[in-house]
Structure formats: structure tokens, C-alpha cells
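Here is the structure we will look at, set down as C-alpha cells.
The values are calculated or read from the model by the stated rules, or taken from the named source; none is laboratory data. From a predicted model like this one, the values you see are computed outputs, not experimental measurements. Glycine gets a Cβ as well: all are built from the backbone with ideal geometry, and neighbour counts include every protein chain shown. Heavy atoms of the whole protein, side chains included, go into the accessibility calculation; ligands, DNA and RNA do not. Shrake-Rupley method; radii C 1.70, N 1.55, O 1.52, S 1.80 Å.
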Amino acid sequence: MIWNTYKSWIRSYRDLPLLINQWANVVRWEMRTRLFLRTAEFLWQEGHTAHASSIEAMDEARKMLDVYSIFAEEWMALPVIKGVKTANERFAGAVETFCIEALMQDGKAIQAGTSHFLGQNFAKAFEVTFTTNENSIEYVWATSWGVSTRLVGTLIMAHSDDKGLILPPKIAPTQVVIIPIYKNEEQLTSINEKAVAIKNELLLRGITVKYDNDEKQTPGWKFAEYELKGIPLRIGIGPRDLESQTVELARRDDLTKSTVPMKDLAELILNLLDEIQISLYNRALAFRDSNITAVETYEEFKKVLEEKGGFISAHWDGTSETENKIKEETKATIRCIPLDNPQQEGRCIYSGEKSNQRVLFAQAY
RNA sequence: CGGGGUGUAGCGCAGUUGGCUAGCGCGCCACGUUCGGGACGUGGAGGCCGGAGGUUCGAGUCCUCUCACCCCGACCA
């Protein structure tokens, strides 16, 4: 579809570069599905570009990788490793496949997004050519890139705990929930007044707030319920708070509680939401970094894989044969060759052949 | 498609070598007491035991067939 469109749209270098983005519901045959991570039907975004030069296309592929990684890190609070796929893991038809790889709390890796530099492969397959400014005819250079609802599963698996979901404040649909604690109608009435005032104050500051004064559930029930739903911050207001002009603040990320004055509450919460966002990222980063293990031998490799999991940084001889053997024997694949990978002499853990850099292995979703 | 497992109340499950009114937890309804971490008490409602056939005086339980779902493996983002 996309390439047929390109074929009819692209005539000259003046038509380039060209970008088409679409959101599409995709249905695939899957032998076995996994909620969010591999569903038979899913929503994804796919972007396709065509360029007049190789370098411009490559820049685009790299730019989109950055767009995805920035979204993952700054919005989802999910640290990712930007890298290049090996020939085995490369998208069919791509010259180079870039990816962002994340680590889940169970020690398995997941590809959170990809971006491909397609060279002229697709242009040749679909006969998409253009006239250059020097009046010659050339094939276009292309990229494609996408993310999907898989990111939702990734988000869940990266942050959540046994009490339920944990959402980073920046993407939480509701950032703050206010819960009244009362014994009778009079108390509720006066708490309502205060709570609504606080709610409005927060709304004015751009914070999304829900005030839950539903009388059908107890406070304790609500506490648990909103923790399950991952709302970053909870405000509790009871008779004691009315007395002292305070509220109780409870953080979802670390489950700590504190009593703070009502005065300047919005300012405090604004800061706290930022802090939670950063804290979630740092927690995930610390976990990820402590689960990148460098190994020197295949025995070590297998031991770490079995006992610890996570990413394993190891020398590899660069051949598909070795990669396939390791995959067959351990289920681990090369997730990527990090973009900022330091060059380093070594010996392939499997074949013993010379290697000039380490790559990241892991079992993956 | 191979291997394993499960179908009993809205949900999660128990149910002995076949035995008489099929139980338990959660949830639900009513009332009262509660309400700062998923409240407690008392009372109550709710069941073609996945489906069909068979054995038997008697089947949730045994046999045959059938349907559905789940898990593991070859797949894959």
C-alpha cells in the first residue's frame, strides 16, 4: 500500500523527502499470544519515509530512534538501550535495523520500538524512482519505524509491583486522587468543601485530579483500589486534617506517606509528581544496570542466564552460526549492539574467535 | 499439530471406596455497628455439577462420545 502510493506520488527530487505515518490495527496469526506483548490483534503506528540520499534516510532512521527512546525514557520512565540489530534479528528487507531494548523486572528483555534504514531495497522491489536535480533517475532511499500497544505491556512489566500498576505521573490519566475520611454526614460536608477547593486548585495547575467521595466504599477499600490502578499520588483528608489544616499524601511508587500542610499544596504536588517521575526512572535504571552482566566464558554465560537473567554483555565473533547455536542452546538472542559500544579486543565466548566488541544477549519477549 | 490439565453459584475452589437436603471463601442483598489501609456481626438470595448417551436401586463421583478453555513445545514484534 505505502509503496504503491510512493510509486505514484514520487517523480522528482522535489517530491522528496516524503513521510507517511499511519495508525493501523494489525491482525496476525500467532501460535501463542501473550497479553499486551504478543496479541493476535494490536494497534501500532508505522511511519515510512522516502529520501533522495542515503545519508538523509539514515539520519531519519536515527532520528526516529531518538524520538522513541526519548518517549520511553522521559514519559514512560523506562530506560532503554539504543542499538543495532545483528543480521539475524534484522527486519527482512532492511539494511540496518535499530532498536530500543528495555529490561523487564523478571529479567527478560523486550524490544520496545524499532526503526529501519531500508536503503534502496524496497525502492527496487517496488520500482520507486525519482529524477535527481542532475536529471538522472535513481531509486529512493527509505526508512520505516514503528511502536505498538506492546509498549503498554512493557510499561506494566517495568514498573508495577504486587499491589498493582504503577504509572509514571507524566502519562497517568489521573495523577492525583483525593479520598475523604469521615464518620458522619457533617464531617463529609466540611471535607467535601475543602477537597473540592484543593481539587480546583490542582486543576488550575494542570494536574489531573479525581475526588472520590463515593459513599458506597470505605477509605481503606479506595486506598487499595487506586493503588491497583497505579495513580501516582493520593491525598487523604479526614477530620484530623481539617483541625490541623493538613492532608495526608501517599506516594504510589514507594508507598510512603506523609502529612503536609494544605498551604501551598499545589506547588508541593507539582514538585512531587516530577520527583516520582524521576524516581521511577532511576529505579528502573538501577535495576537495568545491575542486570547487565559481563561474562568471559560460555559456562559463565549459561550460569548467569539461568540464575540471574538480564542482559549479558559478551564477546561474539560476528557470525550468524554462533548466534544461532547460542540461541538453540540457551534461548538467548543478541538483543543489540549498543550504539555507543566501546571497541574492545576479546575472544568470542562460544567459538573463541577474535572479537572487537561486546554485544548484549538476553532472553526476550 | 504434538504433550499435559481443567470444566461444580457472579468469581476462585472443595466434594472420600458411587448414598439420601451439593459445600466453602470472596462477591451480592437487608439491617445494625463502623469508616485514618480492601470493616464486623446477624439474617438472606443465588446451582440444568460444560453437553449427550450409558452402567446402577441410586451418578458431581464410574464408562463412552462430544464441546469449550488453559498450560508446555515447534512461532514471533
Taking the range A:140-163 and keeping only residues that are crowded, with 17+ Cβ neighbours inside 10 Å and outside any helix (DSSP H, G or I), one is left with A:Val140, A:Trp141, A:Ala142, A:Thr143, A:Ser144, A:Trp145, A:Gly146, A:Val147, A:Ser148, A:Thr149
Checking A:Ile70, A:Ile137 in turn, the sole residue that is free of Cβ contacts under 8 Å to residues at least 60 places away in the same chain, open to solvent by 10 Å² or more (accessible area, probe 1.4 Å) and within 26 Å of A:Asn4 (Cβ to Cβ) turns out to be A:Ile137
Per the filter on the range A:121-134, residues touching a residue at least 24 places away in the same chain (Cβ under 8 Å) and either open to solvent by 10 Å² or more (accessible area, probe 1.4 Å) or in a strand (DSSP E or B) (or both) are A:Asn121, A:Phe122, A:Ala125, A:Phe126, A:Glu127, A:Thr129, A:Phe130, A:Thr131, A:Thr132, A:Asn133
Problem - Residue check for A:Thr131: modelled with pLDDT of 95 or more and farther than 24 Å from A:Lys63 by Cβ - result: yes
So, first residue within 24 Å of A:Asp289 (Cβ to Cβ) in the range A:310-334, second residue assigned to a strand (DSSP E or B) and among the polar types (S, T, N, Q), Cβ within less than 6 Å, six or more apart or across chains; the pairs are A:Ile312/A:Thr293; A:His315/A:Ser355; A:Trp316/A:Ser355
Among the residues of the range A:6-29, is there at least one that is under 20 Å from A:Leu167 (Cα atoms) and either touching a Pro at 6+ places or on another chain (Cβ under 9 Å) or open to solvent by 80 Å² or more (accessible area, probe 1.4 Å) (or both)?
no
Residue set A:Ile191, A:Ile178; condition more than 18 Å from A:Asp274 (Cβ to Cβ), buried (at least 20 other Cβ atoms within 10 Å of the Cβ) and over 35 Å from the mean Cα position of the chain (by Cα); output residue A:Ile191
For the range A:234-262 the number of residues that are more than 11 Å from RNA strand B (Cβ to nearest atom) and either at pLDDT below 95 or open to solvent by less than 50 Å² (accessible area, probe 1.4 Å) (or both) is 2
Here the residues within the range A:285-336 that are more than 15 Å from A:Ile81 (Cβ to Cβ) and part of a loop (DSSP other than H, G, I, E, B) are A:Val295, A:Glu296, A:Thr297, A:Lys308, A:Gly309, A:Trp316, A:Asp317, A:Gly318, A:Thr319, A:Lys331, A:Ala332
